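I have placed the structure first, in the form of structure tokens, so that the comments after it can refer back to it.
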Amino acid sequence: MVIGFLLAAFSVVYNDSLQTLGTYISSNRQRTPKSVQIFFVCGITIAVLFLGWFLHQGEPAWGRLQSFPVPETFTWAYLIPPTAVLVLTAWGAPVSTSFLVLSSFVPENIGRLLGSSISGYVIAFLIGIAVWGLGVWHLERWISQHNQDSKEIRSYWFAIQLFSTGFLWSMWLLQDMANIFVYLPRDLNFVSMCLCTLTLCIGLCMLILTGGGPIQGVLRSKTNTSDLRSATVIDFVFGLCLLYEAFFSSFPLSTTWIFLGLLAGRELALRIRELEQKIAFTNQMDGSLIRVISRDLGKASVGLIVSLLIALGIQPLIMWSTL
């Protein structure tokens, strides 16, 4: 149980959390001291986890584990899902840890998790097209020109980004902590909660100190994602998507597919506007739009297939290992 929690914690931190913190890390690489970044991220993490723990009588996952009871017996087979996430992360695949980890505990929820993943992608894709296609593309074009002129970023953007990142990070913690705490009892005492939170904060410190990981490639291929202002807008819209899902359902969902859908819709809207305006302002270095989107979807789909295989094959292993 403890080993499973540790593997899940570090696998989720190094894969899923880069969806939310990736833009913040990239845009503050040479602007904000890493000690300040660590204090900011860990402070929000501690506040959200302990608030969820207090409000839900010892369960820091904000009530999202109601459909995923604790197994009667933990065996080595339950270590396969988080280990697979770590392997796929090293390959640079954005994996839905909600699907891979949670579906292994209750395979009956595969259909529901799959439906939430696909619908989340489509909704976020449409939101990305609407938001950036209807108006925000003006900001992206201005930012691109601003960067070419090497002008300084106004100080108020740093305050806006702190709010935007803090909001998104809080929403993400509400959604994805179920993927980690599924390995633990649903009524943690204060000491256990402190140890779990410390473990997560150590993983986040390592993530910030190393500057991210292979998943950062998903962001680098998109337009202006290393710019603080663009990152601020992306984080805020992504946070709104997660906020809507949090109120819409208490069932866990794939934040990975929402993230990919939002970036794909955003990039499509910017490319269309670029063709209309006949002024280059998008990132063309990583190839055509189809190539960029298909590469992201390809790796995510591999993760989805692996998740299905593990979820369907792990139950016989669990039964065999308990004999």
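The values are calculated or read from the model by the stated rules, or taken from the named source; none is laboratory data. No experiment lies behind these values; they were computed from the predicted model shown. Positions of Cβ are generated from backbone atoms using ideal geometry, with glycine treated the same way; all protein chains shown enter the neighbour counts.
Listed values, structure above:
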item: Residue that is farthest from the chain's Cα centre (by Cα), among those in the stretch 87-105 that are surrounded by 17 or more Cβ atoms within 10 Å (Cβ to Cβ) and over 17 Å from Phe181 (Cα atoms); result: Leu88
item: Residue match in the stretch 155-170 (condition: touching a Ser or Thr at 6+ places or on another chain (Cβ under 6 Å) and under 30 Å from Pro185 (Cα atoms)); result: yes
item: Index of the failed condition, Ile143 passing every other in (1) touching a residue at least 24 places away in the same chain (Cβ under 8 Å); (2) within 24 Å of the chain's Cα centre (by Cα); result: (2)
item: When residues of the stretch 157-190 are limited to those that are more than 14 Å from Thr45 (Cα to Cα), of a type in the set (S, T, N, Q) and at pLDDT 90 or above, the one surrounded by the fewest Cβ atoms within 10 Å (Cβ to Cβ); result: Asn189
item: Output for the stretch 19-57, where each listed residue is aliphatic (A, V, I, L, M) and in contact with a Pro (Cβ under 7 Å, 6 or more places away or on another chain); result: Leu49
item: Hey, Glu108 modelled with pLDDT under 85, surrounded by fewer than 16 Cβ atoms within 10 Å (Cβ to Cβ) and farther than 18 Å from Gly313 by Cβ or not; result: no
item: Hits in the stretch 49-58 (condition: out of contact with any Phe, Trp or Tyr (no Cβ under 7 Å at 6 or more places or on another chain), over 15 Å from Thr199 (Cα atoms) and surrounded by 14 or more Cβ atoms within 10 Å (Cβ to Cβ)); result: Leu51, Trp53, Gly58
